[in-house]
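The values are calculated or read from the model by the stated rules, or taken from the named source; none is laboratory data. From a predicted model like this one, the values you see are computed outputs, not experimental measurements. Here the Cβ positions follow ideal geometry from the backbone for every residue, glycine too, while neighbour counts run over all protein chains shown. Areas reflect the complete protein model, heavy atoms only, side chains present, ligands, DNA and RNA absent. Shrake-Rupley method; radii C 1.70, N 1.55, O 1.52, S 1.80 Å.
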Amino acid sequence: MNYKIPRGTFDILPPQSAKWQYVKQSFHKVASNYGFEEISTPIFEMAELFERSSGESSDVVQKEMYRFQDQKGRSFALRPEGTAPVVRSYIENHLGMQAAHSRLYYMGPMFRYDRPQAGRYRQFYQYGVEFIGSNHPFYDAEVIALEMDFLSELGLKKARLEINSVGCSTCALDYDKALREYYKPHLSELCTDCKTRYELRPRRLLDCKVPSCKAFRTDAPSQFDYLDAPCREHFDQLCGYLELMQIEYTINPQIVRGLDYYTNTAFEIIYDDLGAQNSLAGGGRYNALIAQLGGKDTPAIGFAGGFERLLLALEKEGIEIAKPLKPDIYLVLMGEIAQTTGMEILRILRKRGLYAEYNPEKTSFKAQMKAADASGARYAILLGEDEIKENSLLIKDLSSGNQNKIAGKALAEYPF
RNA sequence: GUGGAUGUAGUUCAAUCGGCAGAGCACCGGAUUGUGGUUCCGGGCGUUGAGGGUUCGAGUCCCUUCAUCCACCCCA
């Protein structure tokens with residue numbers, strides 16, 4: 001009989017909602033500082049868009065996508081990530097014809113059918129940016145800098161940047177080939193998951209947690225050795241830019257992006273205290289995606305981050321980002337005439353942009369004072385028969401207890 | 001999808017061996033309707049997550065189910 005929220009989803013209630021507002025606002029601001037403008041795409045898209053972009057073999061497509069058919073039997077999916085929709089829109093609206101570069105950012109809910117856990121939900125909120133139209137490593141660094149700025153703007157200290165290069169499509173193929181050759185003699189010793197990985201995504205063999213599989217990792221060929229000269233050069237330049245921007249990073253050759261469309265630069269922001277779901281944000285370059293989705297061959301780089309984990313991290317560091325809402329002024333009114341005048345006072349105060357409150361259910365003077373105190377208001381305005389008679393108001397500073405009698409007309413200018 | 005832990009008042013938690021479901025905080029009201037914070041008094045029948053079973057008797061034991069948390073997995 002009682003309705004319950006669907007598994008893996010959550011309500012954002014006050015006072016938590018104020019924190020969400022604050023964090024989103026900060027992202028709007030930082031993205032703007034880098035010249036990015038907001039794009040909003042639908043919550044659902046043709047299922048095929050994600051199948052094509054993320055890769056048929058990815059877990060996201062294979063078991064995590066919310067699919068549904070509409071009344072005419074068309075197959076849609078709730079978006080599991082933000083990049084493919086942005087790219088779809090970029091192609092569909094010919095954004096590439098309007099400017100050499102497109103700098104877009106977005107925020108909103110994403111959906112994946114996954115087993116809920118701390119920092120992992122079925123409907124979760126991501127923010128992200130996409131820089132489309134250049135392969136210059138400077139922009140890789142810009143996009144990373146944007147995210148790092150956002151985190152430090154919020155006051156987060158313990159986030160770490162890890163970077164890697166997965167190479168272009170051709171070096172990736174070479175590397176996959178090398179990995180298969182290396183693992184081939186051991187195939188029978190691998191876990192069942194890894195046998196699938198061997199076929200579909202050999203790079204996944206590297207982050208298997210099963211000890212017996214882990215053992216082969218040490219001698220496995222490194223991604224770096226299979227980067228061709230331009231990819232190697234791109235990566236070195238990125239590192240150079242990061243150093244010039246004074247952004248600390250570590251190189252982690254193990255980073256493998258979960259979605260098929262990544263090329264070259266891959267990076268991740270790690271926050272160690274979050275348990276298993278310790279990735280605050282991740283992204284990389286996807287130079288082949290736009291052409292693959294039917295657009296003109298265009299290089300691009302972007303990232304996405306999760307708001308839930310970000311808020312968890314902020315909490316871990318004890319960062320207070322939103323104070324509870326408290327009235328500036330609480331009205332204490334005695335008698336019917338005072339109520340009439342009181343309504344006028346409310347109007348004047350709110351026109352001045354102040355948060356003013358009054359509770360007609362508290363009848364006694366004492367109860368009203370109590371309510372004023374409990375509300376946390378800075379000032380109370382007291383108005384009773386005496387004040388009405390002489391057309392004045394008592395303004396009381398609730399923390400000091402000082403009272404100040406002013407003429408009624410003076411309220412509009414009173415310095416609260 | 002796999003394994004483990006946990007579900008009691010708004011909230012944090014008690015409840016001995018299976019024997020009357022309780023406390024702190026919060027909340028509401030009151031202590032002479034012109035002065036708040038402290039204090040004092042009063043206010044709790046709550047499907048013990050849900051459904052079934054065992055028993056004279058179940059919050060407690062058993063089964064099922066749902067949810068949360070943790071790990072695997074996956075990822076942001």
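Distance in nm between label sites at residue A:296 and residue A:12, each 7 Å beyond Cα in the beta-carbon direction?
Calculated label separation equals 3.7 nm.
Note down the nm distance, to one decimal, between modelled labels 7 Å out along Cα→Cβ at residue A:34 and at residue A:403.
5.7 nm
What whole-number distance in Å separates the alpha-carbon centres of the range A:280-318 and the range A:369-414?
53 Å
Assuming 0.36 nm per residue, please report the length gained on full extension of the stretch residue A:20 to residue A:66 beyond their Cα-Cα distance. Let's see the in-between values first.
Numbers: separation 46, 0.36 × 46 = 16.56 nm, distance 2.50 nm.
In short, 14.1 nm is gained.
Work out how much length residue A:367 to residue A:321 would gain on full extension: take 0.36 nm times their residue separation and subtract the Cα-Cα distance, in nm to one decimal.
My answer for the length gained is 13.3 nm.
Highest first, please rank the peptides A:367-375, A:276-284 by the mean number of other Cβ atoms sitting within 10 Å of their residues.
On the way: A:367-375: 16.2, A:276-284: 19.9.
Those peptides, ordered most packed to least, come out A:276-284, A:367-375.
Tell me the mean residue ellipticity at 222 nm calculated for chain A from its helices only (DSSP H runs of n ≥ 4, each -39500 (n - 2.57), averaged over every residue, nearest 500). Write out the running numbers ahead of the final one.
Numbers: 14 runs with 148 residues, N = 416.
Only helices count here, giving -10500 deg cm²/dmol.
Multiply the residue separation of residue A:191 and residue A:97 by 0.36 nm, subtract the distance between their alpha-carbon atoms, and state the gained length in nm to one decimal.
The residue A:191-residue A:97 span can extend by a further 28.9 nm.
For the range A:329-413, what does the alpha-carbon gyration tensor say about shape, rounded, prolate or oblate, given a ≥ b ≥ c as the root eigenvalues, a/c under 1.5 as rounded, and a/b over b/c as prolate?
Rounded.
Given the pairs A:4/A:63; A:24/A:323; A:63/A:184; A:326/A:370; A:184/A:214, which span a C-alpha to C-alpha distance of over 18 angstrom in this model? Each step should come with its number before you reach the end.
Details: A:4/A:63 24 Å; A:24/A:323 16 Å; A:63/A:184 27 Å; A:326/A:370 15 Å; A:184/A:214 15 Å.
Pairs exceeding 18 Å: A:4/A:63; A:63/A:184.
For residue A:409, give me every one of the lysines with a C-alpha distance below 21 angstrom, ignoring sequence neighbours fewer than eight places off in its own chain.
Here the lysines satisfying the reach criterion relative to residue A:409 are A:351, A:389, A:396.
Averaged per residue, what accessible surface does the range A:329-413 expose to a 1.4 Å probe, in Å²?
60 Å²
Once the Cβ-Cβ distance between residue A:222 and residue A:392 is put in as r, and R0 is 60 Å, what FRET efficiency do you end up with, to the nearest 0.05?
With R0 = 60 Å, the Cβ-Cβ based efficiency is 0.15.
Pop the C-beta distance of residue A:413 and residue A:385 into the FRET formula with R0 = 25 Å and round what comes out to the nearest 0.05.
Details: r = 25 Å, r/R0 = 1.00.
Efficiency at R0 = 25 Å is approximately 0.50.
Give the relative contact order (percent, whole number) for chain A; include only Cα pairs under 8 Å separated by 6+ residues.
Details: 674 pairs, mean separation 63.0, N = 416.
Taking the mean separation of contacting Cα pairs over the length of chain A, I get 15 percent.
Relative to the first principal axis of the alpha-carbon coordinates of chain A, what is the inclination of helix A:83-92, with its axis defined by its Cα atoms, in degrees from 0 to 90 and to the nearest 10?
Between helix and principal axis, roughly 90 degrees.
What's the center-to-center distance, using Cα atoms, between the range A:240-258 and the range A:24-73 in Å?
25 Å
Just A:341, A:298, A:83 to compare: in a GNM of chain A, with alpha carbon springs under 10 Å, which one fluctuates most?
A:341
Where is the GNM fluctuation largest for chain A (alpha-carbon springs, 10 angstrom cutoff): A:175, A:241, A:330?
Most flexible of the set in this elastic network: A:330.
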